[in-house]
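Reading through the structure tokens given below for one structure.
The values are calculated or read from the model by the stated rules, or taken from the named source; none is laboratory data. For clarity, every value in this text was computed on a predicted model and none was experimentally measured. Quick reminder, even Gly has a Cβ in these numbers, built from the backbone with ideal geometry, and neighbours come from all protein chains shown. Side chains included, ligands, DNA and RNA excluded: accessible areas come from the protein's heavy atoms. Shrake-Rupley method; radii C 1.70, N 1.55, O 1.52, S 1.80 Å.
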Amino acid sequence: MSRSIVRQSKFRHVFGQAGKAEQCYDDIRVSKVTWDSSFCAVNPKFLAVIVESSGGGAFLVMPLSKTGRVDKNYPLVVGHSGPVLDIDWCPHNDNILASASEDSTAMVWQIPDHTPIRPLSEPIVTLEGHSKRVGIVIWHPTARNVLLTAGSDNLIIIWNVGTGEPLITMDDHPDLIYNVSWNHNGSLFCTTSKDRRLRVCDPRKREVVAERLAPHEGIRPMRAIFTREGNIFSTGFTRMSQRELGLWDPTNFEEPIALLEMDTSNGVLLPFYDADTNIVYLCGKGDSSIRYFEITEEPPYVHYLSTFSSKEPQRGMGFMPKRGVDVSKCEIARLYKLHERKCEPIMMTVPRKSDLFQDDLYPDTAGPEPSLEAEEWMEGRDEDPILVSMRDGYIPPKSRELKVAKKNVLDSRPAPKRSMSSSCDGSNLPPQLLEKLLEEVQMLKATILSQEKRICDLENKLSKYTNGTA
């Protein structure tokens, strides 16, 4: 990593800055489960953290604005019967979150804008298809309601969350899957696995289109992500247990584009990639530093930029989508570092003297609108993400409800046998009794409607108070 020649780059002087005490989230009991996921997910509205809980799995979801000490009785999301292993926010709806658990299910949740009064225990949809624990959930970058899950049964299942049904099942992996990453438009994904292979898969053809044995020679876990140009950035270990980075062309896996040795730490390096700036942030579990590199088209292709160091080791990390950063402060990325008992934001900033909007730092970025419906994607269409301008900063839209239209499961079941007592139909009832029953039904309907209206009014009041508009 020679830095003797000064290279021209607007990101050469990017520096990290930890949030002040009042910007942190304190008294969060971060999960101690032994699983190499980031344990944290963040979007422009909410922070979600997997936490310790008794009697099943739980995670905490809070509005970003709710900094400071977290009440020990703060309502959790508690639907899983086993520890939660992974969480991921939907890129097309800031109120929708997916979770994966040791109980072999994945669940999709609608998070209300206001702070809930009691724990959330009812998911919108439960995805049951794996026979062992589900360790990975990741949303499709451009298609609406398409979610990928991977489990310890070595299966990858792609779901249409809108119907709650599996679209694609792939069983090409003979061993445990470490991670999955979609490419820019969601036409392919890459995986790393315990069998030491890096694979590129085409889900709609249900086949592995390219693979490389041992991109890193060590036996420790690897990670891989697609870059904007379609190359693959990987982290792993050498035979001597040194941590290593690699950049690969999936059309020619014979030789790496770049291969860099780092240090001899034990923690798996989790890569967080910003497609707009082509910068990758590397966070090792148990490390107390974040290294960041710029990927370019000129040698040596992967350029070391700098390191953010702190005293405390990190238990996990969340990465804010670009539309959630503060453009007025030239912030190009924000990470949320999990300590043992708190979450701390870390702002990555480019030093600029001007207060004006910096066009060169903020190209149009992926917005919250999906480019495709699930059915269009399944038919073979590919679209790049729909971009939005960052010029006026990003304002999160109001909550949109995810509607799950399940096919009627009763259609495929035999009709239940009717007992003798229920065999009489309405035609045998006396007219007076029939009128009375109809009247009672109408009254019940009117009561339900008035209660629903009251609930809506109360929720609107709550959201006004929590958003500070009241």
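Here are the numbers for this structure:
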item: Scan of segment 237-260 for residues that are open to solvent by less than 10 Å² (accessible area, probe 1.4 Å) and free of Cβ contacts under 8 Å to residues at least 40 places away in the same chain, ordered by number; result: Phe237, Gly246
item: Some residue of segment 337-358 being assigned to a loop (DSSP other than H, G, I, E, B) and open to solvent by less than 10 Å² (accessible area, probe 1.4 Å); result: yes
item: Residue within segment 288-307 that is in contact with a strand residue (DSSP E or B) (Cβ under 9 Å, 6 or more places away or on another chain), open to solvent by less than 10 Å² (accessible area, probe 1.4 Å) and at pLDDT below 95 present; result: no
item: So Val388, is it in contact with a His (Cβ under 9 Å, 6 or more places away or on another chain), in contact (Cβ under 8 Å) with a residue 60 or more places away in the chain, open to solvent by less than 70 Å² (accessible area, probe 1.4 Å) and not small (Gly, Ala, Ser); result: no
item: Qualifying residue in segment 23-35 (condition: surrounded by 15 or more Cβ atoms within 10 Å (Cβ to Cβ) and among the small types (Gly, Ala, Ser)); result: yes
item: Any hit, segment 296-314, residues being acidic (Asp, Glu), under 21 Å from Arg29 (Cβ atoms) and not in a strand (DSSP E or B); result: yes
item: Residue within segment 317-324 that is open to solvent by 20 Å² or more (accessible area, probe 1.4 Å) and in contact with a Gly (Cβ under 9 Å, 6 or more places away or on another chain) present; result: no
item: Segment 267-289 residues that are over 25 Å from Val30 (Cα atoms), paired with ones that are open to solvent by 20 Å² or more (accessible area, probe 1.4 Å) and part of a loop (DSSP other than H, G, I, E, B) (beta carbon under 8 Å, 6 or more apart); result: Ala275/His184; Ala275/Arg228; Asp276/Pro363; Asn278/Arg228; Asn278/Thr296
item: Lone qualifier among Pro63, Pro75, Pro91, Pro83 - being touching a helix residue (DSSP H, G or I) at 6+ places or on another chain (Cβ under 8 Å) and of a type outside the set (Val, Ile, Thr); result: Pro63
item: Complete set of residues in segment 207-236 that are under 23 Å from Asp171 (Cβ atoms), out of contact with any strand residue (DSSP E or B) (no Cβ under 6 Å at 6 or more places or on another chain) and in contact (Cβ under 8 Å) with a residue 24 or more places away in the chain; result: Glu207
item: Total residues in segment 278-302, condition touching a Phe, Trp or Tyr at 6+ places or on another chain (Cβ under 6 Å) and either of a type outside the set (D, E, K, R) or closer than 20 Å to Thr238 by Cβ (or both); result: 7
item: Number of positions in segment 325-336 that are hydroxyl-bearing (Ser, Thr, Tyr) and open to solvent by 40 Å² or more (accessible area, probe 1.4 Å); result: 1
item: Any pair with Cβ under 8 angstrom, 6 or more apart, that starts in segment 69-95 at a residue that is under 11 Å from Ala41 (Cα atoms) and ends at one that is open to solvent by 20 Å² or more (accessible area, probe 1.4 Å) and not in a loop (DSSP other than H, G, I, E, B); result: Asp88/Ile138
item: In segment 367-382, residue nearest to Asn185 (Cα to Cα) [restricted to those that are in contact with a strand residue (DSSP E or B) (Cβ under 7 Å, 6 or more places away or on another chain) and free of Cβ contacts under 8 Å to residues at least 60 places away in the same chain]; result: Arg381
item: Residue list for segment 226-236, filter: closer than 19 Å to Gly284 by Cβ and surrounded by fewer than 16 Cβ atoms within 10 Å (Cβ to Cβ); result: none
item: Filter result for Asp202 (over 25 Å from Thr238 (Cα atoms), open to solvent by less than 50 Å² (accessible area, probe 1.4 Å), in contact with a His (Cβ under 6 Å, 6 or more places away or on another chain) and at pLDDT 95 or above); result: no
